[in-house]
Structures are given as C-alpha cells and as structure tokens.
Amino acid sequence: MKIKAVKFRKDGFYTQPFAFGGEEGTQNFDPEIRYRGSLQNYLIDTGKEVILVDTGLPAGTPEELPNEKSPAYTGKDICSYMEAFAALGYKPEQVTKILLTHKHIDHSGELRSFPNAIIYAGAEELKAEELKGLANIVPVNYTDGAYYNFPESQKIAEGITLIKAKGHTNGNSIVVVEADGLFYMLHGDITYVDEALYENKLSVVYEDLSAARETLDRVREFVRSHPTVYCGTHTPQGFENLEAKRVIDLDAPVPTVLAETDFSAGQESGKYVCSVCGYVYDPAEHDGVKFEELPDDWRCPRCKQPKDKFNKA
C-alpha cells in the first residue's frame, strides 16, 4: 500500500481567526498569526487499484491576490492538479475509485477527468452544484456500522474505510487507510491546519457547527488511541506528516512554523476567488457587476461564506 500527496499549490496561509474562530468568534484570535497553507489531495496505490481521495481545483482556476486583511489564501500554483497527478507516474485511465471527502471545488474540481473511476460521495452531497451531471457517482450511506469510535462507516477496499464526518459540510467524510501498522487519516477539512487539531479549535467554515464539534471530538479521541498520521488538504503539515510517517501526539505538538507572506500585488483580472471553496466570481458572467458593487450581505453562491472570504484574482 502506497499513499502519495498530489501537490498543486504552495505558500498560502490561514489566519488564526479563520482557523480557530468557529466557536469562540474570530474577535478572540490574532489576525496577524498566519499559519502555513497549501493545497494537496491524496492518491492510494493498493497494488491492485489506484484510488484518489479528492481531485483538486479545476484547470484554469486563477490564483488569488491576497492582502493584509485576507483571512485565508490557498497559495500559488505549483502546477495544475492533473499535472501534479501525472507527475506521480499515473494515467487517468488507471484510477478505479475516487473517494470524495466533500463537494467544495478544491476537492472535486477534476472529477470528470477520470473516465473509469467510480466516485464515492456522501449521499448528502449529491445535490451539490459541483457534482451535477456526473453519472458515475455512488451515494455512500455508511452501512458497514461503526469504525472504532466513529458510528458510521463504509469499507471501500481492504484496509480503506470511508467514515461519516459531518460538520464542515453535511456530507463530509474522512478516509482512513491502515498500513505499516499505522492509521493514515486523509480528511476533508476537519481542520485547516494542524495547530487547530492540537488546540481543539474549529474553523469558521461549517454547515453544522454542533456536528463539526462532535466530529473533531471523535477525531481527537481516535488519534489518542491509535497511531495516526494526520493528512490534511490545506497545510503542508499534511504531506509532511505523510512523508515522515509522523504520528500525532496531542500532548506534544509539532512546533509551529508561521507563513512567510508576500503581499506584493500582481496583475488583477477583475475576478475574485472564494478562498474557502474555490468559486470564481467573474463580472462578465454577472451582467458586468463588479465584485465591489455587490451588497455587503452578499454570500458565495456555493459555500455561503461572506465577501471577506474572497480574494482578488
């Protein structure tokens, strides 16, 4: 069993209020603290199958141009998701299964690029705009009972389990791979940065706050009881943990390395990108209405986050 990171953005950041402020409020945390951000998804090679956990941003998604007030920034392109996938030595036709942690476009952007893959997604996600028109989706209802302290799960293959982890979205899930005597937890934004796992904090991005709290509590209980390598999507800690086979110890956090930020402006396109779900607001698609002209209470049509979660593109 091999697990590999598909790395496609680097040098991003998530501010402490964004990463920690879901329950206590953003005003209680320091916006000057910016944790390192990146974007990567994961590939599982069982020796018999090639299985993806999420499929990155769609090709052509513009980079963001953050400023000092941006609460989050997904980072600079390393390459496209499909280029990063190819660099690992695989072809799209080899992928047999895709395990979708949730609907957001930075996790689902290239689903259509894998013609032979069956897509497994939580049943609650299937009505999402991002998943419309896909015929090869299997709705997961987690019918295989409990997986340790998680009440609902679905066995996907030997040593690979999809776990219901509602909160970030209503159909959110976690993938756990058992290999090398370890539990590799490939998760769908349970936390954006590992500091939030250690500090027991929820981000400001959730569809069900109480469910998100229950999920994080279960994750923390699980990692205390099982040697777990915690692999996130939005922080380089995800692939660093994977490559080092680093087992999470909640009582001995890995020292924080803060993001190095560069706010020098690039060329603006007039578009804006949601740093949460990747939705691109293009005035040309909205009768020429500029983003700045939208009302203050306007929200992202995909993830319902407010305007301050958007960055210039």
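Numbers for the structure displayed
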item: Selection from segment 84-141 of residues that are under 17 Å from His168 (Cβ atoms), part of a strand (DSSP E or B) and under 17 Å from the mean Cα position of the chain (by Cα); result: Leu99, Leu100, Ala121, Gly122
item: Failed item in (1) closer than 25 Å to Val273 by Cβ; (2) touching an Asp or Glu at 6+ places or on another chain (Cβ under 6 Å), with Asn116 passing the rest; result: (1)
item: Of residues in segment 267-288 being outside any loop (DSSP other than H, G, I, E, B) and among the aromatic types (Phe, Trp, Tyr), the one farthest from Ala128 (Cα to Cα); result: Tyr272
item: Residue in segment 7-30 that is β-branched (Val, Ile, Thr), outside any strand (DSSP E or B) and out of contact with any Pro (no Cβ under 6 Å at 6 or more places or on another chain) present; result: no
item: Residue in segment 47-63 that is under 21 Å from the mean Cα position of the chain (by Cα), without any contact (Cβ under 8 Å) to a residue 40 or more places away in the chain and assigned to a loop (DSSP other than H, G, I, E, B) present; result: yes
item: Condition broken by Arg302, with the remaining ones in (1) without any contact (Cβ under 8 Å) to a residue 24 or more places away in the chain; (2) touching a Cys at 6+ places or on another chain (Cβ under 6 Å) satisfied; result: (1)
item: Matching residues, segment 188-201, being crowded, with 23+ Cβ neighbours inside 10 Å, part of a loop (DSSP other than H, G, I, E, B) and touching a Gly at 6+ places or on another chain (Cβ under 8 Å); result: Asp189, Ile190, Thr191, Tyr192, Val193
item: Contacts under 9 angstrom Cβ, first residue in segment 157-171 being within 9 Å of Tyr206 (Cα to Cα), partner surrounded by fewer than 24 Cβ atoms within 10 Å (Cβ to Cβ) and hydroxyl-bearing (Ser, Thr, Tyr), 6 or more apart; result: Gly167/Tyr206; Gly167/Ser210; His168/Tyr206; Thr169/Tyr206
item: Residue that is surrounded by the fewest Cβ atoms within 10 Å (Cβ to Cβ) [pool: residues in segment 202-256 that are part of a loop (DSSP other than H, G, I, E, B) and aliphatic (A, V, I, L, M)]; result: Ala252
item: Single match in Pro71, Pro31 (criterion: in the same structural domain as Asn170 (by TED's automatic domain parsing) and closer than 20 Å to Ala313 by Cβ); result: Pro71
item: Hits in segment 289-306 - residues which are in a loop (DSSP other than H, G, I, E, B) and within 25 Å of the chain's Cα centre (by Cα); result: Trp298, Cys300, Pro301, Arg302, Cys303, Lys304, Gln305
item: Matching residues, segment 64-85, being within 24 Å of Ile156 (Cα to Cα) and either free of Cβ contacts under 8 Å to residues at least 24 places away in the same chain or surrounded by 23 or more Cβ atoms within 10 Å (Cβ to Cβ) (or both); result: Tyr81, Phe85
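The values are calculated or read from the model by the stated rules, or taken from the named source; none is laboratory data. Values in this document were obtained by computation on a predicted structure and should not be read as measured data. All Cβ positions, glycine included, derive from the backbone under ideal geometry; neighbour counts span all protein chains shown.
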